[in-house]
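One structure is given below, encoded as structure tokens.
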Amino acid sequence: MGLNTPLMSDAPSPHTPSPEMRPSLPDAFSSIRVPGADASWFRRFLAFVGPGFMVSVGYMDPGNWATDLQGGSRYGYTLLCVIMLSNLMAILLQALSARLGIATGRDLAQACRDHFSPAVNIVLWLACELAIIACDLAEVIGTAVALQLLFGLPLLGGALLSILDALIVLLLMNRGFRYLEAFVIALLGIIALCFGIQLIAAAPPVHSILAGLLPDPKIVTTPGMLYVAIGIIGATVMPHNLYLHSSIVQTRAYERTPAGRRDAIRWTTWDSTIALTLALFINAAILIVAAAAFHTSDHQDVAEIQDAYRLLSPILGLGMASTLFALALLAAGTNSTITGTLAGQIIMEGFLHLRIPHWARRLLTRGLAIVPVAIVTLIYGNRGVGDLLMASQVILSLQLPFAVIPLVMFVSDRRKMGEFVISTPVRILSWGVAGLILLLNFKLLYDTLAG
């Protein structure tokens with residue numbers, strides 16, 4: 001079946017849909033009520049709030065922390081403009097992902113299965129699974145490091161303990177998708193609060209922050225700074241988020257008509273834009289705190305999460321600064337686990353039409369991520385874990401083309417999108433952003449392997 005074929009009838013079918021026609025996350029599909037047109041705009045907007053915040057989790061996961069810490073401690077506020085640029089790129093790509101899901105009724109994985117040959121789809125699926133494991137690797141490391149900093153647990157013990165988050169995901173999924181979204185948003189609030197307090201304690205000069213938001217030619221001409229800048233952009237756009245967003249926007253019970261879809265696209269775009277603006281604040285806050293605490297205090301070599309934790313409280317003069325830092329890291333790792341589980345399920349169902357229980361999927365993915373963490377910890381200790389975290393970001397960079405290129409290709413095709421196809425200016429911008437992200441990721445990969 002091609003993606004050009006009508007995928008879902010607007011009228012309910014009395015028959016059980018075939019695997020090819022089954023929507024993403026069938027238990028949650030169209031499960032969240034949307035107020036009618038007579039309701040206020042605020043109530044309608046609130047009905048669509050959630051998917052964007054779940055997607056934003058991937059833009060502030062532990063994999064992003066290393067690059068933000070390194071950028072702030074080494075180069076002060078200069079790379080703030082890079083964080084802002086990468087977030088603007090992410091806002092565009094996530095809006096395209098939501099548009100694809102709403103306009104076609106298919107998530108990105110299903111759209112790929114409809115469009116490409118079985119051989120190509122197997123390659124795409126394997127690349128996606130590798131990215132999920134790599135992302136989960138960063139979450140395991142982040143959670144284990146946070147538990148070590150907060151409670152003194154050994155890294156291996158913290159990694160094994162992270163398996164228990166499978167129970168959290170299972171419990172929330174059984175309660176309903178809205179509970180899952182509320183839990184994620186609550187943890188995002190904790191992260192934002194922790195860094196808000198640290199920002200106040202750091203008291204960064206406002207003029208330096210504003211200057212950092214303006215592009216500086218030194219970023220391109222200084223090799224070390226360029227490398228960190230590429231790392232920030234490379235760690236920002238998470239490939240599995242594009243699959244995830246195109247699916248979870250369909251949990252809303254909007255009318256499956258042109259007018260209903262157009263309304264849903266508008267509200268979900270606002271949702272993801274606001275959520276990713278929060279991600280911009282948190283990523284910028286990590287860099288700003290690192291710049292204020294380390295760049296001007298002879299600690300410009302701070303790049304490890306453990307070093308930042310150890311130095312934050314004495315440098316900022318705030319006893320709880322380090323604890324807040326570790327608490328935010330734990331919340332980020334837990335949040336990323338939830339979205340990683342959902343993305344894994346969506347990818348498996350979309351490409352293979354294979355469904356396994358949430359708990360089995362969670363344990364399988366988490367188990368595959370724990371094995372390398374355990375091996376590296378036993379052989380190389382804590383420092384080896386930091387290198388493993390960077391390696392996971394390289395793997396994610398490798399997978400990015402397999403998600404970005406099909407997405408932009410599909411939303412640019414009128415035969416697939418109908419009246420919801422993106423305009424020519426947006427198409428040019430989208431291909432430009434995709435090309436820039438891929439170019440920078442390949443350079444990051446080359447520099448990492450060459451080094």
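Scan the stretch 20-51 for residues that are free of Cβ contacts under 8 Å to residues at least 60 places away in the same chain and either assigned to a helix (DSSP H, G or I) or surrounded by 24 or more Cβ atoms within 10 Å (Cβ to Cβ) (or both) and jot them down.
If the condition is that a residue be free of Cβ contacts under 8 Å to residues at least 60 places away in the same chain and either assigned to a helix (DSSP H, G or I) or surrounded by 24 or more Cβ atoms within 10 Å (Cβ to Cβ) (or both), then TRP41, PHE42, ARG43, LEU46 are the ones that fit.
Which is out of contact with any Leu (no Cβ under 7 Å at 6 or more places or on another chain), in contact (Cβ under 8 Å) with a residue 12 or more places away in the chain and at negative phi, of LEU126, LEU149, LEU108?
Step by step, each of LEU126, LEU149, LEU108 is checked, and only LEU149 is out of contact with any Leu (no Cβ under 7 Å at 6 or more places or on another chain), in contact (Cβ under 8 Å) with a residue 12 or more places away in the chain and at negative phi.
Pick from ILE102, ILE91: which is closer than 20 Å to ARG262 by Cβ and in contact with a Lys or Arg (Cβ under 6 Å, 6 or more places away or on another chain)?
Only one candidate passes the filter, namely ILE102.
Return the residue satisfying two criteria in turn: it lies in the stretch 233-267 and is open to solvent by 20 Å² or more (accessible area, probe 1.4 Å) and in a loop (DSSP other than H, G, I, E, B), and of such residues it is nearest to ALA291 (Cα to Cα).
Filtering the stretch 233-267 for residues that are open to solvent by 20 Å² or more (accessible area, probe 1.4 Å) and in a loop (DSSP other than H, G, I, E, B), the one nearest to ALA291 (Cα to Cα) comes out as ALA253.
Quick check on LEU170: is it at pLDDT below 90 and touching a Pro at 6+ places or on another chain (Cβ under 9 Å)?
Numbers: at pLDDT below 90: yes; touching a Pro at 6+ places or on another chain (Cβ under 9 Å): yes.
Yes: the conditions hold for LEU170.
Does the stretch 171-182 include one or more residues that are within 22 Å of the chain's Cα centre (by Cα), of a type outside the set (Asp, Glu) and outside any helix (DSSP H, G or I)?
Within the stretch 171-182, one or more residues are within 22 Å of the chain's Cα centre (by Cα), of a type outside the set (Asp, Glu) and outside any helix (DSSP H, G or I).
What pairs come out if I take residues in the stretch 52-72 that are among the small types (Gly, Ala, Ser) and pair them with residues that are outside any helix (DSSP H, G or I) and at pLDDT 85 or above whose C-beta lies under 9 Å away, six or more apart or interchain?
That search, which allows pairs on different chains as well, returns GLY71/THR78; GLY71/LEU79; GLY72/LEU79.
Looking at (1) in contact with a Ser or Thr (Cβ under 8 Å, 6 or more places away or on another chain); (2) open to solvent by 10 Å² or more (accessible area, probe 1.4 Å); (3) assigned to a helix (DSSP H, G or I), which one does TYR77 not meet, given that it meets all the others?
Condition (3) is where TYR77 drops out.
Just one of ILE200, ILE219, ILE191, ILE230 is under 30 Å from VAL404 (Cα atoms) and at pLDDT 90 or above; which is it?
ILE191
Does any residue in the stretch 205-220 that is over 11 Å from MET84 (Cβ atoms) come within less than 6 Å, Cβ to Cβ, of a residue that is among the β-branched types (Val, Ile, Thr) six or more places away or on a different chain, and which pairs are these?
Sorted first by the residue in the stretch 205-220, then by its partner, the pairs are ASP216/THR78.
How about the stretch 80-122: which of its residues are of a type in the set (Gly, Ala, Ser), assigned to a helix (DSSP H, G or I) and surrounded by fewer than 18 Cβ atoms within 10 Å (Cβ to Cβ)?
Selection gives ALA119 alone.
With the structure loaded, tell me whether LEU164 is out of contact with any helix residue (DSSP H, G or I) (no Cβ under 9 Å at 6 or more places or on another chain), open to solvent by 10 Å² or more (accessible area, probe 1.4 Å) and part of a helix (DSSP H, G or I) or whether it fails that test.
yes
Determine whether the stretch 354-362 contains at least one residue that is in contact with a Gly (Cβ under 9 Å, 6 or more places away or on another chain), surrounded by 14 or more Cβ atoms within 10 Å (Cβ to Cβ) and either outside any helix (DSSP H, G or I) or modelled with pLDDT of 75 or more (or both). Walk me through how you get there before you give the answer.
So the first thing to find is which residues in the stretch 354-362 are in contact with a Gly (Cβ under 9 Å, 6 or more places away or on another chain), and the list is 361-362.
Then drop every residue that is not surrounded by 14 or more Cβ atoms within 10 Å (Cβ to Cβ), which leaves 361-362.
Add one more test, that the residue is either outside any helix (DSSP H, G or I) or modelled with pLDDT of 75 or more (or both), and what stays is none.
The answer is no, given that none of the residues of the stretch 354-362 is in contact with a Gly (Cβ under 9 Å, 6 or more places away or on another chain), surrounded by 14 or more Cβ atoms within 10 Å (Cβ to Cβ) and either outside any helix (DSSP H, G or I) or modelled with pLDDT of 75 or more (or both).
Name the residues in the stretch 305-342 that are open to solvent by less than 30 Å² (accessible area, probe 1.4 Å), under 30 Å from ILE248 (Cα atoms) and of a type in the set (A, V, I, L, M), would you?
Scanning the stretch 305-342 gives ALA326, ALA328, LEU329, ALA331, ALA332, ILE338, LEU342.
Taking the stretch 201-232 on its own, how many of its residues are part of a loop (DSSP other than H, G, I, E, B) and either surrounded by 15 or more Cβ atoms within 10 Å (Cβ to Cβ) or of a type in the set (A, V, I, L, M, F, W, C) (or both)?
Looking only at the stretch 201-232, we keep the residues that are part of a loop (DSSP other than H, G, I, E, B), and these are 203-205, 213-217, 222.
Checking the rest, the ones that are also either surrounded by 15 or more Cβ atoms within 10 Å (Cβ to Cβ) or of a type in the set (A, V, I, L, M, F, W, C) (or both) come to 203-204, 213-214, 216, 222.
Of the residues in that region, 6 qualify.
Step by step: first the residues of the stretch 274-299, then only those that are of a type outside the set (Val, Ile, Thr) and in a loop (DSSP other than H, G, I, E, B), then the one that is surrounded by the fewest Cβ atoms within 10 Å (Cβ to Cβ). Which residue is that?
Once the filter is applied, the top-ranked residue is ASP298.
Between SER430, SER412, SER423, which is of a type outside the set (Val, Ile, Thr), open to solvent by 50 Å² or more (accessible area, probe 1.4 Å) and modelled with pLDDT of 90 or more?
SER423
Quick check on my filter: what residues within the stretch 123-159 are under 18 Å from ALA360 (Cβ atoms) and either basic (Lys, Arg) or open to solvent by 30 Å² or more (accessible area, probe 1.4 Å) (or both)?
Within the stretch 123-159, TRP125, ILE133 qualify.
The values are calculated or read from the model by the stated rules, or taken from the named source; none is laboratory data. No experiment lies behind these values; they were computed from the predicted model shown. Every residue, glycine among them, receives a Cβ derived from its backbone with ideal geometry; neighbour counts consider all protein chains shown. For accessibility, only protein heavy atoms count, side chains too; no ligands or nucleic acids. Shrake-Rupley method; radii C 1.70, N 1.55, O 1.52, S 1.80 Å.
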